[in-house]
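Trainee: One structure, as structure tokens, below. Some questions next.
Nothing in this text is a laboratory measurement; each read-out follows from the coordinates by a stated rule. Computed from a predicted structure; not experimentally measured. Ideal geometry is used to build each Cβ from the backbone, glycine not excepted, and the neighbour counts take in all protein chains shown.
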Amino acid sequence: MRRTSGVARAAVAADAACLVVFVAVGRTSHDLHGGAGWFVAVLWPFALGWFAVALATRLYTARTHPWWRAAATVVLGVTVALVLRASLTTRATPLVFGVVALSFLALATLGWRLVVAALARRRASVAASR
């Protein structure tokens, strides 16, 4: 069974927002002042890696095993992003950057899913008690 298109679109938007926030926070925490070109140069490997893996795992379309699909997308998506970054850009890709990227994106993308799931459970519980 497939997810409704509205739910899938919202999930895509939330994950994209997490990727943008990752780059923005990195830019701010390292006091970098690059323009839009810099921002896109850092963002594109993560966006391409994430959404390519999300298609392969069917993260946004399959109803079964959503947590496994999300976890696999985080691990594999960040891995693909780091490979793209290291091989196709002139940007350094130290190990600590990979650890930070994996940690941040796991917390952000799995975190919003946990909040949504908790709110849905609570809403269902309230509706059932009426």
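Trainee: From the backbone phi of the range 34-47, what are the Karplus-calculated ³J(HN,Hα) couplings (6.51 cos²θ - 1.76 cosθ + 1.60, θ = phi - 60°) in whole Hz, Gly and Pro given as x?
Mentor: Karplus-based 3J(HN,Hα) across the range 34-47 equals x, x, 4, x, 4, 4, 5, 4, 7, 6, 4, x, 6, 5 Hz.
Trainee: Next question. Considering only Leu48, Leu114, Leu102, give the residue with the highest GNM mean-square fluctuation for the chain, with springs between Cα atoms whenever their separation is below 10 Å.
Mentor: Leu114
Trainee: A follow-up question, please. Quick one: length gained pulling Ala10 to Leu55 fully straight, 0.36 nm per residue minus the C-alpha distance?
Mentor: Extending this stretch completely gives an extra 14.7 nm.
Trainee: Another question, then. I need the shape label for the range 5-128. Rule: rounded when a/c is under 1.5, else prolate if a/b > b/c, else oblate, with a, b, c from the alpha carbon gyration tensor.
Mentor: Cα axes put the range 5-128 in the prolate bin.
Trainee: How tilted is helix 66-88 with respect to the longest principal axis of the chain? Cα atoms for both, answer in degrees (0 to 90, nearest 10).
Mentor: Orientation of helix 66-88: about 10 degrees from the principal axis.
Trainee: For Trp67 and Val20, what is the calculated FRET efficiency with R₀ set at 22 Å and r taken between the beta-carbons, to the nearest 0.05?
Mentor: With R0 = 22 Å, the Cβ-Cβ based efficiency is 0.40.
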